[in-house]
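The values are calculated or read from the model by the stated rules, or taken from the named source; none is laboratory data. Because the structure is a prediction, the values reported are computed rather than measured. Glycine also receives a Cβ, built like all others from the backbone with ideal geometry; neighbour counts cover every protein chain displayed. Protein only, heavy atoms only, side chains kept; ligands, DNA and RNA dropped before computing areas. Shrake-Rupley method; radii C 1.70, N 1.55, O 1.52, S 1.80 Å.
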Amino acid sequence: MADEDPQPDGGQQASQEGTRQRSRRFEVLDDRPVNQDGLVEEWPEVGFVAMGSPDDPDPSITVEDGTIVEMDGTDREDFDFVDRFIADYAINPEVAEEAVAIDSVEFAHMLADINVPREEIRRLATGMTPAKLTEVVNQMNTVEMMMALQKVRTRKNPGNQCHVTSVKDHPAQLVADAAEAALRGFDEAETTVGITRIAPFNALSLLVGTQCGRGGTLTQCAVEEATELELGMRGITSYAETVSVYGTEDVFKDGDDTPWSKAFLASGYASRGVKMRFTSGSGSEVNMGQAEGKSMLYLETKCVLIAKGCGVQGLQNGSISTVAIPAAVPSGLRCILAENLIAGMVDLEMASGNDQTFTHSDTRRTAHMIPQMFAGTDFIFSGYSAVPNYDDMFAGSTFDSSDFDDYNLIQRDFKVDGGTKDVEEETVVKYRNRAVKALQAVFEELGFPPITDEEVEAATYADGSEDMPDRNQAQDIEAAQELMEREITGANVARILHERGFEEIAENILGILKSRVSGDYLQTSAILDEEFNVVSAVNNPNDYEGPGTGYRIDDDRWEEIKNYRHAIDPEDV
């Protein structure tokens, strides 16, 4: 006679009453924030699979007279325009057959091996097809990918980028937050808008604010391309990264685009001295319902190679605005790490994601960031929210301004450089105040709606837009459009600031404009230090080959990291 299922005391009574007695342990677990996250089982037929879809092609390549005539099981006459572009512009045909013939496990060993130099990885990876690159990283676990990522990052020293935005598009708040972000060490700062026509004011606020906090911080305003390009040409912004590419032809067509049109647009930015990288991210094709049954990683690898073929400096990839899609399926965060790794393998600058919220769990959001932070990427965040997440118009970031101390202490705990530093409250207050007063002077000289002393005071001490008085946004929009119509440039702003007694900010803005004219920050992975020296993959290449090589935190940087403002001097105890 079979044993009956065990029932806890009262189980029979609970069943008779039509209710089920629950385990208190599971009630507690079900109430945890992580169980508010959206999670789904794999569904490869529509692309709901992060890595290793059964429909991903097997790698192959045939080269005849320097032309790729077959790739990943598809003959040239059957290529769609994504395949054709990748075959003609993104793969080095001179090493392609050698690279694809290498056993994928063997090449994965080379990636994780500290004795194989980055240059050899780059030489072979730039001859690999999308299926080959995908197959290689599918062999690797997370720690092995982190080992490889540490080696294939293009620039020796890691860096970081932040978001500076406002729900109110409040210029006084934005200029103050931009100054603080620069003080905290961010190499790049980007803004976007709630209302498109106010974009020139947001861009101006970031320019003045960052150059008050630290000379050399690069800025962008993420809006539609025509405005974005014109702001760059005016010298009010210095880089762009929101030109999106996709892994399937149908998604491109939905956007009325092709790889060739994206390349043409990129050349428009670069030829005018504006630093340019593309944006992509695993999950975008699934989101559009046009994933063709392929894995997210395979389609993202095609995006990486499109960026390579277009000749842009790099790629903002780490799933970006579609992060909730890979994060919902098994191995999804590993997939994001893998796409970052592939970008580095083919010698592209990496702005590696972590820039949008996807989870209710503090544990998951920190775990998402750690692989990029510990291995180090060119920009660990594509946008650390330097404002409260309620003000982040990019839909919130993995970390925001309330996490500054947590992030700095992780750097201190593990002696890892995450690209930010601790700052004293008095210093932040001083620079926020000076930045708002500088913008106040610019608005006054240009006849724009005034920034009042009340707004100066509020922005000096504010955490977010909830602490700011409202402005007449209709007037600001009209003035922002006037800024464009009057063809005001960064040079005009610098002159005004110099005449109004803000000489240091004016000199820093002039330094940004000089860098744009020289074009040196168009090098791969270029940033500017406080003296406006270019630091890039050209003059500061990653030379990691194991312990004692590559980027090492020097004594000055270590003092910045370890001297946390709340640390107690044991002699005072």
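Numbers below:
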read-out: Inter-label distance, nm, simple model (7 Å from Cα along the C-beta direction), Arg565/Glu499; value: 3.7 nm
read-out: Debye log10 I(q)/I(0) for the range 95-229, one point scatterer per Cα, at q = 0.11, 0.14, 0.22 Å⁻¹; value: -0.61, -0.74, -1.09
read-out: Ordering of 66-74, 432-440, 497-505 by burial proxy (mean other Cβ atoms within 10 Å per residue, highest first); value: 432-440, 497-505, 66-74
read-out: Cα shape, the chain, gyration tensor, a/c 1.5 rule; value: oblate
read-out: Charged-residue dipole, Cβ positions (Lys, Arg, Asp, Glu), the range 282-378 about Cα centre, Debye nearest 20; value: 200 debye
read-out: Per residue solvent-accessible surface (Å²) - the range 281-419, probe of 1.4 Å; value: 24 Å²
read-out: Tyr461 paired with Thr196, simple spin-label distance in nm, labels 7 Å along Cα-to-beta-carbon; value: 4.0 nm
read-out: Rounded accessible area per residue of the range 440-529, 1.4 Å, Å²; value: 49 Å²
read-out: Length gained when the stretch Ser23-Val69 is fully extended (0.36 nm per residue, less Cα-Cα span); value: 10.4 nm
read-out: Straight-distance crosslink candidates among aspartates and glutamates, where the alpha carbon sits under 14 Å from Lys302 and sequence neighbours closer than 8 are dropped; value: Asp56, Asp72, Asp80, Asp83, Asp88, Glu135, Glu249, Asp250, Glu285, Glu292, Glu339
read-out: For q = 0.13, 0.20 Å⁻¹, Debye-computed log10 I/I(0) when each Cα of the range 11-95 counts as one equal scatterer; value: -0.66, -0.98
read-out: Unsatisfied cross-links (Cα-Cα over 19 Å) in the set Lys275/Lys415; Lys168/Lys421; Lys262/Lys294; Lys156/Lys415; value: Lys275/Lys415; Lys168/Lys421; Lys262/Lys294
read-out: Share of carbon and sulfur in the accessible heavy-atom surface of the range 145-235 [1.4 Å probe, %]; value: 52 percent
read-out: The range 138-266 - accessible surface per residue (Å², probe 1.4 Å); value: 24 Å²
read-out: Net lengthening on full extension, Ile102/Ala367 (0.36 nm per residue, minus Cα-Cα); value: 92.1 nm
read-out: Protein accessible area in the range 440-573, 1.4 Å probe - carbon and sulfur %; value: 44 percent
read-out: Relative contact order computed over the chain (Cα-Cα under 8 Å; 6+ residues apart), in percent; value: 20 percent
read-out: Gyration tensor verdict on the range 421-573 (Cα atoms; rounded if a/c is under 1.5, prolate if a/b is larger than b/c, oblate otherwise); value: oblate
read-out: Unit charges on C-beta of K, R, D, E only; dipole of the range 397-455, Debye; value: 280 debye
read-out: Within the chain, percent of DSSP bridges classed antiparallel, to nearest 5; value: 30 percent
read-out: Within the range 249-344, trypsin sites (Lys or Arg not before Pro) in DSSP loop having at most 16 other beta-carbon neighbours inside 10 Å; value: Arg272
read-out: Gyration tensor (alpha-carbon) shape descriptor, the range 345-494, a/c threshold 1.5; value: prolate
read-out: Gain on full stretching of the segment that runs from Asp250 to Glu230 - 0.36 nm per residue minus C-alpha separation; value: 4.2 nm
